[in-house]
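The values are calculated or read from the model by the stated rules, or taken from the named source; none is laboratory data. Just so we're clear, the structure is a prediction, and the values are computed from it rather than from any experiment. No Cβ is skipped: glycine too gets one built from the backbone with ideal geometry, and neighbour counts run over all protein chains shown.
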Amino acid sequence: MQPVPFKPAPFFTLIVGEDRAMLWPQNVEGHTEAFCAETGDAVAEAEIIRIVRNNPRARLRIYADTPGQDFCLESLPRLGFFDRAKVLKRRLHQSYAGAVVTASCAVHATEALLAGLRKNNPALTWLETFRDVAPQIGLIPVECADLVQRLMPEAAKEWVMLVALTRTGGFRQIVVRSGVVIFSRLLPDIGGDMETSITRDIGASLGYLTRLGLKDSRDLRVLLLLSEDDLKAFERRNLPVHSVTVLSPFRAEQRLGFTQALKFDDSFSDSLFAVWLAGQRRLRLPLMPPEVIATRRAERIRFVGFRVAAVAVVVVILLMGWQLIGLASVLIDNARQSNALAELQQQLTREEAEAPSATGTLGGLRAALERKRLFAESSDTPWVALAELDRGLGDAARLVRLDWQGNGKERGENAVIDIRLTQPPASDDREVLVESFRQVSQNVAGAMPDYSVSVTHYPVPALPQEALTSNGDAVSAPVAIAELSVRKVAR
């Protein structure tokens, strides 16, 4: 199967000038050349209407190239989005109070482009004729500003003046600085010496450009779009500028990289404008009547509202799905736990049925429960502390009694121990005995850094059983035992 070749969309470009209107067909079947209608020629104008109406699939755009058009570059303070829209609307009303169609767009953060077409402009008549298919108008100087940059990319950040001869009105001047249109004027073609007329008009524009910020004429580059016959004459002409580039519309089309829609001997540049404008996706500054603006604003609000509502519905559906997934997970967990509980109940019933009956005293049951509790609860074991205590006692003392109370992390670990000396002092001096026990307690404290060790009871003063009896027999002194307190230190 042979692939179907891509067919470009059909397109009409209608450029309306002071003297005539030109309809340029692009990829329209049966129409390959431009058709012009003189202003006031009803037959020719009707033919343009017939051509457009007979090709409903072809899009149409209308462009104004008349002296009556007006635009200006306004400076704005740094404002927010809504405040800037209000300021632009007020400036537009002040500058073009009598205009039928107006438009504005932001160029930079502090600059905006304002434009409008006033009454009796020929382009407004064509707008009314084709309002159903082309409800907006573009301005040739504004829409062709990027064309100037494409033809002279080396001067993208400089001042560039384009001078072109058109069928629709005469010589069109477009001055661009950094891609933004600054100034434009349309000079009628009155015949005579064209070289002298263009030279004079460029010199006249230099004075006005000086007031717009041009400091030196050498900073201005001039691009002339003329026929092949006029190229040689202007290449030898001394113009009042430093840099001049002369091209024919045919050579300019080749420089842009377009297909060869123009003829080699074509001397009018509005054909080049039409080829360039047909490739633009949208108008840079569309001028529309107020009712069209209101209708499009309502459509845009409706479109945005529909999109927002659709996104909200999707978000709600996703949230409900997420909640349903969580609910399903909870239900599954509850069912699993219910099954586990039923199995445990069945096991308990089975074990109760199999276990023999037993009776016992109340005290025995309490003791059994207490033993079960002691074995079931987790408690701290004193093995580490006992090992440390053993290192602290060493060979100097022996453990006589140990009372260990481990009550968990909340209440700590406490111990009461009784120790005796392995080699008590030979003398009966009690101070030496106390000092020996104190030395043992210090050794124990050094071996147990996490515990507080203190002697709570020394083997002094003499106990009653240490006294001599009245029968005269000597009673041997009991073993000296001291009591130590060991407490866990909180860290």
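Here are some notes:
- Residue count, the range 248-275 (criterion: surrounded by 13 or more Cβ atoms within 10 Å (Cβ to Cβ) and closer than 18 Å to Val28 by Cα): 8
- The strands (runs of 3 or more DSSP E) falling completely within the range 115-189 include none with 2 or more residues that are of a type in the set (D, E, K, R) and farther than 21 Å from Leu212 by Cα.
- Scope the range 97-112; condition modelled with pLDDT of 85 or more and over 17 Å from Ile182 (Cα atoms); matching residues: Ala99, Val100, Val101, Thr102
- For the residues Ser267, Ser227, Ser178, Ser184, the requirement of being under 41 Å from the mean Cα position of the chain (by Cα) and modelled with pLDDT under 85 singles out Ser178.
- In the range 130-188, residue farthest from Phe258 (Cα to Cα) [restricted to those that are among the hydrophobic types (A, V, I, L, M, F, W, C) and touching an Asp or Glu at 6+ places or on another chain (Cβ under 6 Å)]: Leu187
- Pairs, first on the phi < 0 side of the Ramachandran plot and assigned by TED's automatic domain parsing to the domain that holds Gly138 in the range 107-120, second surrounded by fewer than 12 Cβ atoms within 10 Å (Cβ to Cβ) and at pLDDT 85 or above, C-beta under 8 Å, six or more apart: none
- Which numbered condition Ile317 fails, given (1) of a type outside the set (D, E, K, R); (2) outside the structural domain of Leu23 (by TED's automatic domain parsing); (3) in contact with a His (Cβ under 8 Å, 6 or more places away or on another chain): (3)
- Count of the range 65-110 residues which are part of a strand (DSSP E or B), of a type outside the set (Val, Ile, Thr) and surrounded by 14 or more Cβ atoms within 10 Å (Cβ to Cβ): 12
- Looking at Val292, Val246, just one residue is in contact (Cβ under 8 Å) with a residue 60 or more places away in the chain and of a type in the set (Val, Ile, Thr), and that residue is Val292.
- Filtering the range 195-215 to residues that are among the charged types (D, E, K, R) and more than 44 Å from the chain's Cα centre (by Cα) leaves Glu195, Arg200, Asp201.
- Residue tally, condition farther than 23 Å from Gln280 by Cβ and aromatic (Phe, Trp, Tyr), over the range 61-111: 3
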